[in-house]
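Visitor: Let me begin by handing over the structure; questions about it come next.
Every number here is computed from the coordinates shown, using simple stated rules; none is lab data. What you are looking at is a predicted structure, and each value in this text was computed from that prediction instead of being measured. All Cβ positions, even for glycine, are placed from backbone atoms using ideal geometry, and neighbour counts span all protein chains on display.
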Amino acid sequence: MKLKQIYYCLLFILAFSKMGCMVGKKYAKPEAPADITYREPVTSDTSSLLKWFDLYQDKALQNIIATTLDSNRDLLAAGARIEEARLQSAIIKANLYPQLNYSVGAGGGSAGTNAQKVAVGIEGSAFNILGVLDWELDVWGKLRHNSRSAVARFLAEVQNRNALLTSLVAEAASQYFLLRDLDNRLLIAQQTLNGRKENTRIITDRFNKGYVAEIDKLQAMQQEYIVAATIPSLQRQIVTIENSIRLLMGMGPGTVQRGYTNFDQTVSPDIPVGIPSLLLERRPDIMAAEKSLQAQFERIGVAQANRLPSFSLTGILGFASPQLSSFISSSGLVANGFADIAGPIFNFGQRKNAVIAERKRFEQSYFQYQKTVLASFGEVDNALTFYRTYSEEYNQRKAQVEAAQKALVLSNARYDNGYTSYIEVILMQDNLFNAQLQESQSLSGKLNSIVQLYKSLGGGW
């Protein structure tokens with residue numbers, strides 16, 4: 001009869017818990033900022049956004065990206081954080097269900113009459129085996145809010161990892177294009193140095209024969225040394241970038257395999273940007289910020305539920321006996337059930353203020369989300385402008401190099417025929433050298449602007 005009463009009691013409490021009122025509002029995604037427009041004309045379809053490996057055709061760059069995604073230490077740590085968040089979510093979700101434990105004991109002792117009267121020690125032996133059920137009923141939705149918050153935090157960690165992945169791919173590509181730019185600038189410097197050494201030899205020979213003044217010889221030597229001094233600087237930068245790339249790849253210092261030059265890269269500029277509202281569904285950092293916002297929203301519900309009474313159920317079922325022979329028998333059966341209600345009465349506004357504090361944290365998360373969204377639109381707009389302007393700049397630098405090459409040829413001819421001084425030749429040499437370096441840098445900027453545009457759109461993976 002007692003077991004039936006306990007059973008009916010459990011059913012009643014379970015039904016009561018299901019009818020409980022879940023406090024707090026239901027979460028809704030925040031609205032996107034209105035009136036967002038880009039300066040540059042864009043295509044609205046982002047369904048054809050290529051994957052990173054389809055965007056870059058350079059095998060060496062593909063290998064760098066693949067190794068980075070496989071061995072980058074920050075990315076591996078982010079993966080561990082995701083697993084931790086998943087396990088924490090499972091731990092919190094388990095609180096929704098009854099917790100069943102067991103207890104097994106055996107022992108004995110001797111206690112005098114007076115000792116037994118004050119329940120100190122036992123006389124004889126004792127055996128017990130018990131199953132213990134503990135269950136906090138989620139009447140007000142506190143545990144459900146807490147579980148939803150944990151799930152949102154887990155999803156935020158997933159999107160944080162995706163954001164890191166996108167950033168690492170973009171950084172690897174940017175560093176690689178910078179490395180190839182430095183390689184090209186070093187080649188320009190070495191070729192220019194060879195030419196100026198030849199100029200110094202020719203001018204020195206003419207000086208020795210009395211055809212030109214010593215000032216021409218000294219000026220030729222200065223031009224040679226100016227270019228020679230740029231080579232060690234470029235070599236230092238190359239080593240720094242190589243080690244930076246290898247760190248991204250999870251490797252120690254060393255050289256980096258090269259593929260195409262920047263002039264041979266075939267990165268497609270036809271990247272569909274999409275309408276601004278679609279960006280909210282592509283950028284992992286925006287999605288991470290939104291999930292963090294949701295996690296904080298659910299914490300408000302937890303704080304609100306803490307202001308109300310909590311209901312818990314404890315059940316014990318098993319056997320206990322002072323004798324092993326009668327241990328498992330009807331006389332040794334133990335079946336107890338307890339229901340508890342606990343709640344605050346007066347705590348100087350502590351729990352009320354806790355709700356207000358969680359709401360203020362939600363406001364902070366909301367403003368951070370808005371900032372992330374607005375910043376992402378700005379990054380897309382910047383990248384679009386950078387691509388257009390770097391493309392224009394590169395075309396102008398290319399034309400500048402062609403003009404500087406022709407000017408140097410004419411200046412050398414004028415000097416050889418005595419129509420101008422060597423100063424004009426020096427000026428034309430400097431113009432060509434600087435134009436070639438600037439052409440290389442503007443091409444690197446153009447390639448990097450495509451990288452940044454792809455990153456600002458959330459990447460393709």
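Visitor: Which residues' amide hydrogens lie under 5 Å from the amide hydrogen of V139, considering only partners 5 or more residues apart or on another chain, with H built in the peptide plane?
Guide: F311
Visitor: Something else: Which ordering of R299, R201 is given by a fewest-first count of other beta-carbon atoms within 10 Å?
Guide: Ascending Cβ contact count within 10 Å gives the list R201, R299.
Visitor: HN-Hα J couplings of segment 55-72 from phi, Karplus 6.51/-1.76/1.60, θ = phi - 60°, integer Hz, Gly and Pro as x?
Guide: Result, rounded to whole Hz: 6, 9, 9, 6, 4, 5, 5, 4, 5, 4, 5, 4, 5, 4, 5, 8, 10, 4.
Visitor: Can you put T192, T385, T240, T68 in order of Cβ neighbours within 10 angstrom, beginning with the fewest?
Guide: Numbers: T192 22, T385 15, T240 12, T68 25.
Fewest-to-most Cβ neighbours within 10 Å comes out as T240, T385, T192, T68.
Visitor: What order do you get for L96, L408 when you list them from fewest to most C-beta neighbours inside 10 Å?
Guide: Working: L96 14, L408 20.
In order of increasing Cβ crowding within 10 Å: L96, L408.
Visitor: Per residue of segment 346-359, in order, report the coupling 6.51 cos²θ - 1.76 cosθ + 1.60 (Karplus, θ = phi - 60°) as ³J(HN,Hα) in whole Hz, putting x for Gly and Pro.
Guide: 8, 9, 6, x, 4, 6, 5, 5, 5, 5, 4, 4, 5, 5
Visitor: Suppose the chain between E363 and L130 were pulled fully straight at 0.36 nm per residue; how much longer would it get relative to their current alpha carbon spacing? Walk me through the intermediate numbers first.
Guide: On the way: separation 233, 0.36 × 233 = 83.88 nm, distance 4.87 nm.
So the extension gain works out to 79.0 nm.
Visitor: Can you give the translational diffusion coefficient of segment 215-324 in µm²/s, computed by Stokes-Einstein from the Kirkwood radius over Cα pairs at 10 °C and 1.306 mPa s?
Guide: Working: Rh = 23.4 Å.
Stokes-Einstein gives a translational diffusion coefficient of 68 µm²/s.
Visitor: OK, next. Reachable aspartates and glutamates from K398, Cα under 13 Å, same-chain residues fewer than 8 places away excluded?
Guide: E439
Visitor: Follow-up question, since we're still on this one. Take the Cα of S233, step 7 Å along the line toward its Cβ, and report every residue of segment 177-199 whose backbone nitrogen sits under 20 Å from that point.
Guide: 178-197
Visitor: When only C-alpha pairs under 8 Å and at least 6 residues apart count, what is the relative contact order of the chain, in percent? Show your work: numbers first, answer last.
Guide: Working: 624 pairs, mean separation 113.7, N = 461.
In percent, rounded to a whole number, it is 25.
Visitor: Let's see if you can work this out: charge +1 on each Lys and Arg Cβ, -1 on each Asp and Glu Cβ, no other charges. What is the dipole magnitude of the chain about its Cα centre, in debye to the nearest 20? Walk me through the numbers before you get to the answer.
Guide: Working: 48 positive and 42 negative charges, 329 e Å.
Charge dipole, the chain, about its Cα centre: 1580 debye, nearest 20.
Visitor: Evaluate the Debye formula for segment 2-456 with equal point scatterers sitting on the alpha carbons, no solvent, and hand back log10 of I(q)/I(0) at q = 0.06 Å⁻¹, in q order, two decimals.
Guide: Those come out to -0.53, one per q.
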